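The next block holds one structure in the form of structure tokens; read it before the comments.
Any read-out appearing in this document is the output of simple, stated calculations on the displayed coordinates, not a laboratory observation. Just so we're clear, the structure is a prediction, and the values are computed from it rather than from any experiment. Cβ placement follows ideal geometry from the backbone for every residue including glycine, while neighbour counts extend to all protein chains displayed.
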Amino acid sequence: NSTPIIITDYYLRIDNLKIDSTSENTDRYLFSDRIRFYSSHQDIAFPDGNHRLKYGRLRINSLKKSIEIDSCYIYGKKSGDGFNEFGFFFDTLRLSNVNFEKLTRMNTIEADSALCINPELRINMELTESSKKNSTKRVPLSKDSMAMAVKTLFGDIDINYIGVLNARLAMQT
């Protein structure tokens with residue numbers, strides 16, 4: 001019953017497609033030498049209803065192992081109680097040496113480096129504190145609760161180096 005993701009205005013090129021289950025060549029991605037995907041002016045709502053992606057231009061090249069996205073806004077919220085949500089805008093994001101196998105099989109974004117130009121990040125999250133019984137004194141939050149809240153919002157990301165130019169951050173907890 002989920003809503004399909006609809007993408008229009010795109011270019012897809014697959015070079016040298018050959019399905020060979022016996023091949024052990026790890027340089028090929030999805031049985032091809034190169035997959036190039038270009039898209040522009042999209043507003044995508046994901047089936048979970050909690051995430052949205054808008055962008056001006058997206059370029060993916062499996063041979064160069066790169067992803068570049070311009071004029072992008074990413075929004076996400078955690079379903080349920082609280083106000084855990086984030087909004088992330090940037091002029092340009094470039095990911096280099098992306099592991100497309102992990103991206104498609106494990107939903108993990110793994111890359112050697114990322115360059116983010118003019119990002120604006122807004123995070124709102126509710127962190128719960130536990131209180132001791134028979135006492136009004138509250139137990140401080142552990143650093144693990146913050147790390148888990150951020151991971152829940154953003155997902156699995158493994159990037160060795162992130163370069164950021166002209167960033168703005170607003171965080172409310």
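How much length is gained if the chain between PHE100 and TYR10 is pulled fully straight, taking 0.36 nm per residue apart and subtracting their Cα-Cα distance, in nm to one decimal?
Contour length minus Cα-Cα distance gives 30.5 nm.
Karplus couplings for region 44-59 from phi (6.51 cos²θ - 1.76 cosθ + 1.60, θ = phi - 60°), rounded to Hz, Gly and Pro as x?
Each residue's phi maps through the Karplus curve to give 10, 9, 7, x, 5, x, 10, 10, 9, 9, 10, 7, x, 7, 10, 10 Hz.
I need the calculated FRET efficiency for the pair ARG122 and LEU165, taking r as the beta carbon distance and R₀ as 25 Å, to the nearest 0.05.
0.85
In sequence order, what are the phi-derived ³J(HN,Hα) couplings for region 168-173 according to the Karplus relation 6.51 cos²θ - 1.76 cosθ + 1.60 with θ = phi - 60°, rounded to whole Hz, with x for glycine and proline?
Once rounded to whole Hz, the list reads 10, 9, 10, 10, 10, 10.
Can you compute 3J(HN,Hα) from phi for each residue in region 89-98, using the Karplus curve 6.51 cos²θ - 1.76 cosθ + 1.60 with θ = phi - 60°, rounded to whole Hz and x for Gly and Pro?
Whole-Hz 3J(HN,Hα) from phi for region 89-98: 10, 8, 5, 8, 10, 10, 10, 10, 6, 6.
For ARG36 and TYR73, what does the FRET efficiency come to when R0 = 25 Å and r is the distance between their Cβ atoms, rounded to the nearest 0.05?
E(calc), rounded to 0.05, equals 0.55.
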